[in-house]
Number of protein chains: 2
Amino acid sequence: MGLRERKKERTRAELQRHALRLFRDHGYAATTVDDIAAAAEVSRSTFFRYFPTKEDVVLFDDVDPVMEGVAAELPAGTPLLEAVRLIVRGGFGSLDDEARALEEVRMELARSVPEIAAILRERNSFGVEQIAGMVSRGIGRPTDDPEVLLFAGVVVGARYAALARIHAGAASSYIDELDAMLSRLVAGIPLADEPIRAPRPDPARSRA
Amino acid sequence: MGLRERKKERTRAELQRHALRLFRDHGYAATTVDDIAAAAEVSRSTFFRYFPTKEDVVLFDDVDPVMEGVAAELPAGTPLLEAVRLIVRGGFGSLDDEARALEEVRMELARSVPEIAAILRERNSFGVEQIAGMVSRGIGRPTDDPEVLLFAGVVVGARYAALARIHAGAASSYIDELDAMLSRLVAGIPLADEPIRAPRPDPARSRA
DNA sequence: AATTCTTTTGACACTCAGTACCACTTGAGG
DNA sequence: CCTCAAGTGGTACTGAGTGTCAAAAGAATT
């Protein structure tokens, strides 16, 4: 690998490192792209050459490709939901220390900085379409099959649940929490048949 | 209701009407706030007094409070998942013509303009926390209960699945599609036990 | 009807994200 | 070396969004 490539890699890592640090210390909105560029000792132009938007510096992530690798090595016949669990666990499990640390910082940010939580919720790793694509390949059905999409939606929902749990301060490890959520799903949708109780006389009706 | 109030209401409606029209005709990004303000014959400042951001002019929505009303009138003992279905259906069903038309335009926009699709996916109506709150009230468990959050996540996931289906052009009515997704969920998570097939030798490995 | 009070409004100036362009530097390879 | 392409920094621009302020207009009171 040439000097050029190494330099590029180093610059991107520096930009991301400083960006995450600044976001953590001063907040997302209060940190300008200029600040990040200055901290990494490059120009504003260079920042945008590496990351198309300010958001992307948070989103850049290394687990996706790993998960695809894990998926490719699962034995045929594994039940789909179980497969998803294994892929997720495997994907996060096989990160090297640095990548894992980055992932930790990112989740810490998601917990403490609301803007970043929103960004991650929306764009990080897996959206419905992405998972639907994997499922589609895994069981040989079209990506726009309603059941495929619904399954994908449920998985994404489990992820949101895990993030919400962390956001509420009721859990700390994103990976473990997501795994727990997926495990629960194996037993079906929780509370689906739970009877609702009589509505209270409306404690404080307000528009959120 | 005073004259003042009526004028205010009319201005907001005008702004939203023109904004949606311009978005539909020229795209979201290509339409500036100045364009919208000019079309509605008010100043830029005025636009921002009515809608804090450009996004909000799309998001402004009237179904939420209606759904809360429907929720309050369900008989005690209704199974939770069924209750959610009824609330959703009831909420959309009881819109007056104008509100329903607006909802249609909004969904049409979501289908044709990707930026708006993203915005709606992220911020419209119900997030996990919101649904978890409703569930929490409905069955009397804390909002950060993992099962409550997971259930809420699953419902949100069903919604994403419906949106994805529309986005793919495989469905046209958002309301019907969401209702269909929720109905499917009553029978459990589809495909959960579907065995995956042997992985293909990887057709085109690429980073999305 | 005139006056006072409150809210709306338009105008201006500002910051910051994001884009486009161009001139300059530097690594790669003959 | 010397050339070429890639990467970099600077400059100038558009548009979103914020803050301020003085003028205008509705509402309320006398």
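Every read-out reported here was derived from the displayed coordinates using simple, explicitly stated rules and does not represent laboratory data. Every value quoted in this text rests on a predicted model; they were computed, and no experiment measured them. Cβ sites come from the backbone with ideal geometry, for glycine too, and all protein chains shown count toward neighbours.
Overview of values
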| quantity | calculated |
| --- | --- |
| Global form of chain B, assessed from the alpha-carbon gyration tensor, a/c cut-off 1.5 | oblate |
| Label-to-label distance, nm, for residues given as B:ARG10 and B:GLU41 (7 Å Cα→Cβ offset) | 1.0 |
| Three principal axis lengths of the protein assembly as shown [C-alpha, angstrom, descending] | 72, 52, 38 |
| Distance (nanometres) between label positions extended 7 Å along Cα→Cβ at A:ASP56 and B:ARG49 | 3.9 |
| Qualifying lysines (Cα of each under 29 Å from Cα of A:LYS7; at least 8 residues distant if same chain) | A:LYS54 |
| Whole-number percent relative contact order across chain A, with pairs defined as alpha carbons under 8 Å at least 6 apart | 16 |
| B:ALA187-A:GLU68 FRET efficiency (beta carbon distance; Förster radius 45 Å; 0.05 resolution) | 0.90 |
| Sum of -39500 (n - 2.57) over DSSP H runs of 4+, divided by residues of chain A (222 nm, nearest 500) | -21000 deg cm²/dmol |
| Calculated label separations, B:ASP34, copies of the chain, 7 Å along the beta-carbon direction, nm | 2.3 |
| Closest-to-axis residue of chain A (Cβ criterion, axis taking A to B), whole Å | A:GLY157, 1 |
| Exposure proxy ranking, count of Cβ atoms within 10 Å, fewest first, for B:THR53, A:THR31 | B:THR53, A:THR31 |
| Chain B - charge dipole about Cα centre, Lys and Arg +1 at Cβ, Asp and Glu -1, debye rounded to 20 | 480 |
| Assigned charges on the beta-carbon of Lys, Arg, Asp, Glu; the protein assembly as shown dipole about Cα centre (debye) | 700 |
